[in-house]
Amino acid sequence: MVADDQIPQKLLALGWSPFFADQLTEEDAGLVPMRIATVHRAKMSALGASGTVRLMLPPLCNTGAYAVGDWVLVDPDTADLGRRLDRRTLLQRRTEGAHQQQLIAANVDTLFIVSSCNDDLNPARLERYLALANEVGTTPVVVLTKADQVADVAPYRDQVTGLQRGLEVVTLNGNSPEAAQILAPWCGIGQTVALVGSSGVGKSSLLNTLTEKSEEEAQLTGSIRESDAKGRHTTTSRSLHAIAGGALVIDTPGIRTLHVSDITSGLDQLFAEISELAPDCKFRNCTHVHEPGCAVRAAVAAGSLDAARLERWHKLQEENAANTPVVTGARGNKVTRPAGSRR
């Protein structure tokens, strides 16, 4: 068992905390904690107090069960992978045709949802990321890049600030050193942030700025199509990097479509104004579509609730219900049915 006062400061800087230390037992003596830095089909690397190592995986190891940012226990002499510690937070997404959700990143404190000041800015897409962050308890911050390429950032900021109460929105030039200063409040020592967003919004450029990588080490960056402002993939896998200011950043490939699943609480927080009106509806199970005495539709009619906002709420609620597995059956004999099954 590793006591807190025996953990090197460098490990604490990697995000080690009492939450993980409390999981250690006497059987873990001789093993050291490390964080998963990269995950590939047949190999993984991890970052620890002594640097980065390639892990020796056990036979038939399913690397898909590990996420970048996970804490694992490792034999320091052989680099053999031991057990994974319980996660504090886990970001994951549903993909078409997959039986299990795809892991995005683990133990993330702040989710930087990156978009850009151009025609690719899509509030409905940002709402999906916000709901995802809300559900797992990760703090969301919307980062609008390419602020230097427009005459006025206000129209782009205005599209985002009202998406969720208390939402932090920042605008910056991802290639400028000032970007690191703007994001510094969320990038303290021991903090972990993750970058998510569509391709071409400037995640790789921002990563290069935050990590102060040399030209040889820098992530490739790609251009966008002028016809529709959509980007091309430059990051192809998730990876963990140290930020000069002391935090860690997880970079992720661009996600064009983010399907929602099992995020009811996250949606309630995102659409708090609708959630708070619902108890005033005449019917407890009001769908806010056609029922008489609907307080939500009354707010739309009065102009205090945006009709487009309610329409997006309907779409996400329906998608979430269709994609979320259902637990049914008598007490003591519960059965989990696949997403989309309601029988």
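Quick look at the numbers
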{"item": "Hey, Arg94 of a type outside the set (S, T, N, Q), in the same structural domain as Ala106 (by TED's automatic domain parsing) and in contact with a Ser or Thr (Cβ under 9 Å, 6 or more places away or on another chain) or not", "result": "yes"}
{"item": "Cβ pairs under 8 Å, 6+ apart, first in segment 126-152 and without any contact (Cβ under 8 Å) to a residue 40 or more places away in the chain, second assigned to a loop (DSSP other than H, G, I, E, B) and among the β-branched types (Val, Ile, Thr)", "result": "Leu144/Val153; Ala147/Val153"}
{"item": "Hits in segment 59-86 - residues which are part of a helix (DSSP H, G or I) and under 13 Å from Ser45 (Cβ atoms)", "result": "Thr63"}
{"item": "Test: residue in segment 69-84 that is in contact with a Leu (Cβ under 7 Å, 6 or more places away or on another chain), within 27 Å of Val160 (Cβ to Cβ) and of a type outside the set (Asp, Glu)", "result": "yes"}
{"item": "Among the candidates Gly266, Gly246, Gly293, residue that is surrounded by fewer than 18 Cβ atoms within 10 Å (Cβ to Cβ) and modelled with pLDDT of 95 or more", "result": "Gly293"}
{"item": "Qualifying residue in segment 316-331 (condition: touching a helix residue (DSSP H, G or I) at 6+ places or on another chain (Cβ under 7 Å), part of a loop (DSSP other than H, G, I, E, B) and at pLDDT below 95)", "result": "no"}
{"item": "Residues located in segment 26-58, provided they are touching a Leu at 6+ places or on another chain (Cβ under 8 Å), under 22 Å from Val108 (Cβ atoms) and assigned to a loop (DSSP other than H, G, I, E, B)", "result": "Ala49, Leu55"}
{"item": "Qualifying residue in segment 52-72 (condition: surrounded by fewer than 19 Cβ atoms within 10 Å (Cβ to Cβ), of a type outside the set (Lys, Arg) and touching a residue at least 40 places away in the same chain (Cβ under 8 Å))", "result": "no"}
{"item": "Test: residue in segment 265-279 that is within 21 Å of Gln164 (Cβ to Cβ), under 26 Å from the mean Cα position of the chain (by Cα) and part of a loop (DSSP other than H, G, I, E, B)", "result": "yes"}
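The values are calculated or read from the model by the stated rules, or taken from the named source; none is laboratory data. None of these values were measured; they are calculated from a predicted model. We place every Cβ from the backbone using ideal geometry, glycine too, and count neighbours over all the protein chains shown.
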